[in-house]
Structures are given as structure tokens and as C-alpha cells.
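The values are calculated or read from the model by the stated rules, or taken from the named source; none is laboratory data. All of these numbers come straight from a predicted model, not from anything done at the bench. When we count neighbours, we look across all protein chains shown, and the Cβ atoms used for this are built from the backbone with ideal geometry, even at glycine. Surface areas here come from the heavy atoms of the whole protein model, side chains and all, with no ligands, DNA or RNA. Shrake-Rupley method; radii C 1.70, N 1.55, O 1.52, S 1.80 Å.
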Amino acid sequence: MKYIIALDQGTTSSRSILYDAALTKIDQVQQEFPQHFPKPGWVEHDADEIWDAQWSTLSTLLQRNAVKAEAVAAIGITNQRETVVAWDRHSGKPLARAIVWQDRRTAAFCQDLKKQGAEAVVRRKTGLVLDPYFSGSKMHWLLKHDPAVKKAAAEKRLAFGTIDSWLIYKLTGGKRHVTEVSNASRTLLMDIKTLAWDKSLLKRFAVPAAALPQILDSDALFGEAAVPGLEGVVIHGAAGDQQASLFGHRCFEAGSLKNTYGTGCFLLRNIGPRCLPPPKGLLGTVAWTLKGKTTYAHEGAVMIGGAVVQFLRDGIKIIDDAAASETLAASVEGNDEVYFVPAFAGLGTPHWDPDARGLLIGLTRGTTRAHIARAALESIAFQSRDLIEAFGGGLKAINVDGGASRNKLLMQFQADITGAEVRVNHSGEVTALGAAMLAALGCGLIKTRQELSKLDLRLDVFKPAMPAAARKRLVGRWAQAVKRSMGWAKA
Ligand code: ADP
């Protein structure tokens with residue numbers, strides 16, 4: 001029997017998942033890891049803590065299922081995107097905390113680049129916008145402000161990488177410094193057409209080419225594992241989490257799309273083999289490159305999705321666990337005019353305002369924590385609706401997945417305020433499945449994408465039930481609240 005193992009390194013937890021040769025899930029181990037918030041607007045991870053959590057889930061998975069290296073056909077990787085790790089090539093140790101995609105510390109630098117008129121050329125070359133979200137300005141910040149990173153760069157010991165790159169480095173015992181193309185397309189440093197690091201962009205962000213990994217296709221041979229119990233197993237597939245989810249949903253045809261409700265929410269639409277410029281407010285990105293052929297996608301991004309539920313749990317502590325948000329919110333019939341704009345990390349699509357901040361509005365003496373929980377859940381759906389509108393709206397159905405898609409109240413509200421059927425994929429981890437599919441194709445265990453289309457998916461369907469007038473009113477109020485949250489951090 002041959003297995004595929006997928007590593008899914010998310011923003012809040014690391015997972016390892018075991019699949020059989022037909023890509024049926026056998027077992028999964030998951031572990032949360034610490035989030036570090038050293039200053040307002042800053043979000044950091046410790047790259048060693050990420051690896052420790054990943055390794056702990058992987059080794060438990062291997063032991064619990066008595067898996068031997070000979071039985072594993074390949075490893076696939078999917079990961080939180082844009083987050084930057086800087087490490088020392090000689091010691092293999094991180095040089096600084098990883099700067100997470102949600103981190104806003106480079107807002108002023110991005111603003112300066114915009115003032116210099118850089119946005120148009122950056123957008124043309126990368127499909128992205130000048131926002132702190134992407135890796136380039138984070139690398140620039142580390143090189144400018146972190147003495148250990150600066151010194152390592154001067155001594156040519158510096159290695160930069162996104163999380164895929166870091167995991168492959170650790171899995172191969174420090175042998176490989178490579179990255180996967182969909183991840184590289186999120187750095188602001190890669191030309192989305194040539195799929196190579198772009199000299200003029202590197203210059204703009206003052207990032208030395210020598211510090212960057214080699215860019216490989218999504219189904220490439222990334223290296224051989226050198227960790228205990230998996231020696232010699234090939235790493236043969238990788239993609240950023242949202243691209244892997246698009247693949248896992250089998251959105252292989254141009255026009256097909258999905259929305260994922262994880263820490264953030266990300267709507268991606270497959271646009272086929274041509275790199276078409278994205279509509280206003282949306283991003284252009286590589287979906288995947290398979291056997292040398294690239295598929296592109298357009299994307300809308302919400303910075304805080306399920307993370308607002310974490311805020312209810314860990315920040316203001318009005319619930320004990322994420323699932324309790326649903327019961328609490330369901331204990332009131334409506335939001336009673338309470339709106340919660342969770343712009344903790346600025347706003348993404350369609351506003352791209354790094355200076356927006358969270359806002360809770362409409363409070364009265366009658367407001368309870370139930371209204372706040374409800375407004376928080378509704379905010380996830382409102383933001384996702386804004387994404388759909390940026391794509392032109394008018395959808396009949398949306399494929400969805402991600403941690404917060406387990407929330408039935410949220411999914412029903414999503415159907416209600418978009419007027420579209422919401423189809424929740426209940427294999428639960430479509431992202432990991434996407435990585436497993438890439439690895440299975442990469443190592444030849446599965447030969448064609450047609451075979452992948454036959455895999456069984458369990459769906460829960462939510463149908464819209466809200467009258468149009470009620471929808472219009474809610475959406476209008478939401479838009480007003482969003483306006484009031486914008487620009488707050490600039491003052
Ligand atoms: P990531 O890959 O970004 O770490 P996941 O897809 O694992 O994200 O989803 C985790 C997110 O889902 C967390 O932000 C968590 O708060 C949220 N979440 C999990 N369960 C629920 C639930 N029942 N209701 C609402 N949100 C939930």
C-alpha cells in the first residue's frame with residue numbers, strides 16, 4: 001500500500017494528513033502554535049515553533065498509523081502564504097521572528113513606493129498591489145531594521161523564504177533552498193509572466209537575489225526528506241494554501257471559483273492559461289504550474305475572517321471555543337443594528353486600506369455579547385460578499401471550505417446576503433487534499449487530472465432564504481460601517 005502525506009501549515013495551526021493511494025483520508029493530526037503580537041498591527045510567528053508544531057503532528061501521524069518510509073509515495077506541502085522567514089544558511093537557525101502576512105508594519109514604506117509612482121509597474125509585473133500583505137516589503141523591513149538579518153546578508157549567509165521554502169529546508173535537513181511558484185507569485189518580487197525573480201523589483205525592495213530560493217513548478221521534485229522515519233521520501237507537490245484549495249475543489253476549468261473561510265477569507269477564480277490583468281481591487285496570481293504549464297487565477301482577499309472568532313475567544317474572551325460563537329449568535333434573532341468591522345489588519349479587497357482598524361458600532365444599553373458574536377460572524381459573510389461583488393457578483397453558487405465554514409449560522413447568512421447557494425465541502429480540509437493531489441500527480445501515483453475529478457466530495461448546501469429588501473438594508477448598513485473604519489491608524 002502506498003500513502004501520500006500532506007503537510008498543511010496554516011496561520012493558526014499545523015496539520016499532517018495521511019491519505020491512501022486513492023486519496024481517501026486515513027488520519028489527521030493538528031496542533032495550534034503561538035501567535036506573537038509585539039505591537040499594534042504587528043503579527044509574528046517563531047519559525048522554530050512552526051516547525052516544531054509541524055514535526056510534532058507529522059511524527060505522531062507516522063507513529064499512530066505505523067507508517068514506514070517505503071510505504072509513502074510522496075509528501076505534498078501547502079502553507080500560509082506571504083509570511084517571510086529569514087534564516088542562516090550555515091546554522092539553519094531563524095535570524096528573526098517570521099513576519100506574518102497580516103502584519104502592517106510596512107504600511108508607510110508601501111505608501112512611499114506608491115507616492116514614487118511604483119504601483120502601476122508593480123501591478124503589471126506581479127498582478128498584486130503595493131500593500132504590506134505581500135512578502136517584498138517584509139523582506140525589505142528585515143534587511144533594514146534587524147541587525148542579525150543585515151549582518152547575515154552582508155556575509156552572504158542569509159536565506160529568505162516563504163513557509164513552503166522553510167518547511168522544505170527543514171524536511172530535507174537543510175539541503176534545499178527552493179520555493180514553489182504560486183508562493184513566489186505572492187512576494188511582489190516575481191514577474192508573473194516569466195515566473196522568475198525580477199531584477200528591477202528586487203532593486204526596488206533592496207532584496208539581494210542571493211538570499212532568495214530557486215522557483216520550482218507546483219509538481220516539481222522539491223527534494224528528499226531527511227527526517228527520522230521518512231528518509232528518502234520525495235517532496236513532489238506544493239502550493240500556497242489558497243491555490244491548493246482551488247485545486248482541491250477541482251476548479252480546473254477557467255471560470256470556476258471557490259471561497260475559503262480560514263483565518264482570512266480568500267476567493268479565487270481560475271482564469272486559465274492566459275495572464276489577464278485583474279479587475280480593480282482584485283489580484284492576479286499564479287494558480288499552479290504543472291508539467292511546465294501555468295494556470296492563472298484572480299483573487300480577492302479578506303484579512304480577518306475566522307480570526308474574528310479567535311478574537312472573541314482569545315482577545316475579549318466572550319466564548320470558550322470557536323464553535324460556541326454559533327450558539328451564542330443564534331441566541332438573538334438579528335444583529336439589532338450592531339455591526340463589527342474586523343479591520344484589525346487593515347482592509348483587503350476591494351478597499352486595500354492598511355490604515356483601517358476594527359470598529360464596533362451601533363451599541364446600546366440593550367447590546368449583549370450575543371449581538372457582538374452575531375455581528376462578528378456576520379462580518380465574515382459581509383466581507384465575503386464584498387469579494388464576490390468585486391468579481392462582478394451574480395453568482396448562482398459558491399464552493400466553500402475552511403475552518404469557519406463549519407459554522408452553519410454563518411453559512412446560511414452567507415447564502416442569504418449573497419442570494420447564491422453556498423456549497424460547503426465537508427472533506428473539511430480541501431487545502432490539504434489539494435496538496436495531496438499535487439503530490440500524487442507529481443510522483444506519478446495518479447496520472448491525470450481527470451482521475452482526480454472522480455474523487456468523491458461530501459457537500460452541505462445552504463440556500464438563500466432572505467427577502468431582497470432585508471438583504472439590501474443589511475448590506476447598506478455594513479457599507480456605512482466599513483467607511484467609518486477606514487483611515488483610522490493614520491491619525
Ligand atoms: P488557517 O488554515 O488559516 O489556520 P482554518 O481553515 O484552520 O484556518 O480555520 C481556522 C479559523 O476558523 C480560525 O480563525 C477559527 O476561529 C475559525 N473557526 C473554526 N471553527 C469555527 C466555527 N465553528 N465557527 C466560526 N469560526 C470557526
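Any idea how far apart HIS90 and HIS426 come out in nm if each label point goes 7 Å out from Cα toward Cβ?
5.6
Students often forget the sequence filter, so: which aspartates and glutamates lie under 19 Å Cα-Cα from LYS150 once same-chain residues fewer than 8 apart are removed?
Excluding near neighbours in sequence, the set is GLU44, ASP46, ASP88.
May I ask you to order 357-366, 67-76 by the average number of other C-beta atoms within 10 Å around their residues, highest value first?
Peptide ranking by packing, descending: 67-76, 357-366.
In the P(r) worked out for segment 3-242, what percent of Cα pairs fall beyond 22 Å?
The answer is 51 percent, as a whole percent.
Among THR126, TRP51, THR179, pick out the residue whose Cα is farthest towards the positive end of the charge dipole of the chain, where Lys and Arg carry +1 and Asp and Glu carry -1 on C-beta, about the Cα centre.
Projecting each Cα onto the dipole axis, the largest value belongs to THR126.
Relative to the Cα centre, what is the charge dipole magnitude of segment 150-190, using +1 at the beta carbon of each Lys and Arg, -1 at the beta carbon of each Asp and Glu, and rounding to the nearest 20 debye?
Value, rounded to 20: 240 debye.
Mind checking which of PHE160, ALA210, ALA98 is farthest towards the positive end of segment 3-242's charge dipole, using Cβ charges of +1 (Lys, Arg) and -1 (Asp, Glu) about the Cα centre?
In segment 3-242, that residue is ALA210.
Just how large is the dipole of the chain about the Cα centre, in debye to the nearest 20, putting +1 at every Lys and Arg Cβ and -1 at every Asp and Glu Cβ? Spell out each step's value before the answer.
On the way: 61 positive and 48 negative charges, 279 e Å.
Around 1340 debye, computed over the chain.
Counting DSSP beta bridges in the chain, what percent are antiparallel, to the nearest 5?
Around 70 percent antiparallel, to the nearest 5.
Contour minus end-to-end for ILE26 and ALA209, with contour as 0.36 nm per residue of separation and end-to-end as the Cα-Cα distance?
Extra length available between ILE26 and ALA209 comes to 61.7 nm.
Which whole-Hz ³J(HN,Hα) couplings does segment 231-237 yield from phi under the Karplus relation 6.51 cos²θ - 1.76 cosθ + 1.60, θ = phi - 60°, glycine and proline marked x?
3J(HN,Hα) across segment 231-237, in whole Hz: 3, x, 6, 7, 9, 10, x.
For the chain, with all protein chains present and a 1.4 Å probe, just round the carbon and sulfur fraction of the accessible area to a whole percent.
Ligands and nucleic acids excluded, carbon and sulfur give 53 percent.
For labels at LYS293 and CYS275 in the simple 7 Å Cα→Cβ model, what's the distance in nm?
1.9
Loop-only GluC sites (Glu not before Pro) in segment 287-348, please: DSSP not H, G, I, E or B, and at most 16 other Cβ atoms within 10 Å. Walk me through the intermediate numbers first.
Working: sites: GLU299, GLU326, GLU333, GLU337; in loops: GLU333, GLU337.
Hits after loop and neighbour filter: GLU333, GLU337.
Not counting ligands, DNA or RNA, and with a 1.4 Å probe, what is ILE318's accessible surface area in Å² rounded to the nearest 10?
30
For GLU253 and GLN116 in one chain, what is 0.36 nm times their gap in residues minus the Cα-Cα distance, to one decimal in nm?
45.5 nm
Which Cα, out of CYS275, ALA468, THR364, lies furthest along the positive dipole direction of the chain (beta carbon charges, K/R +1, D/E -1)?
Checking the options against the dipole of the chain, the answer is CYS275.
Mind ranking ARG124, ARG157, ARG423, ARG269 by accessible surface for me, highest first, 1.4 Å probe?
ARG124, ARG423, ARG269, ARG157
Compare ILE372, ILE77 by solvent-accessible area with a 1.4 Å probe and give them largest first, with all protein chains kept in place.
Working: ILE372 30, ILE77 0 Å².
If we order ILE372, ILE77 from most to least accessible, we get ILE372, ILE77.
Which of the lysines could be linked to LYS258 by a straight reach, that is with a Cα gap under 23 Å, when you skip same-chain ones fewer than 8 residues away?
Straight-distance partners of LYS258: LYS25, LYS280, LYS293, LYS396, LYS408, LYS454, LYS463.
Taking all protein chains together and a probe of 1.4 Å, list PHE37, PHE462 from the most accessible to the least accessible.
From most accessible down to least: PHE37, PHE462.
Computed over the Cα atoms, what is the radius of gyration of the chain divided by 2.2 N^0.38 Å, N being its residue count?
0.92
Please calculate how many Å² of accessible area the chain carries per residue, with a 1.4 Å probe and no DNA, RNA or ligand atoms counted.
Spelled out: the 1.4 Å probe surface of the chain, per residue, equals 39 Å².
By DSSP, what percent of the beta bridges with both residues in segment 3-242 are antiparallel, rounded to the nearest 5?
On the way: 26 of 41 bridges.
So the antiparallel bridges amount to about 65 percent of the total.
Take the Cβ-Cβ distance between ALA148 and LYS193 as r, set R0 to 41 Å, and report the resulting FRET efficiency rounded to the nearest 0.05.
0.70
If you restrict to DSSP beta bridges whose two residues both lie in segment 243-347, what percentage is antiparallel, to the nearest 5? Write out the running numbers ahead of the final one.
Numbers: 19 of 20 bridges.
Around 95 percent of the beta bridges assigned by DSSP in segment 243-347 are antiparallel ones.
Based on DSSP H runs of at least 4 residues, each adding -39500 (n - 2.57), what is the mean residue ellipticity at 222 nm of the chain after dividing by all its residues, to the nearest 500 deg cm²/dmol?
It lands at -10000 deg cm²/dmol.
Just flag the chymotrypsin sites (Phe, Trp or Tyr not before Pro) in segment 6-109 sitting in loop per DSSP whose Cβ has no more than 16 other Cβ atoms within 10 Å.
TRP42
Are there GluC sites (Glu not before Pro) in segment 200-262 that DSSP puts in a loop and that have at most 16 other Cβ atoms within 10 Å, and which ones?
Answer in residue order: GLU231, GLU253.
When only C-alpha pairs under 8 Å and at least 6 residues apart count, what is the relative contact order of the chain, in percent?
Computed over the chain, the figure is 14 percent.
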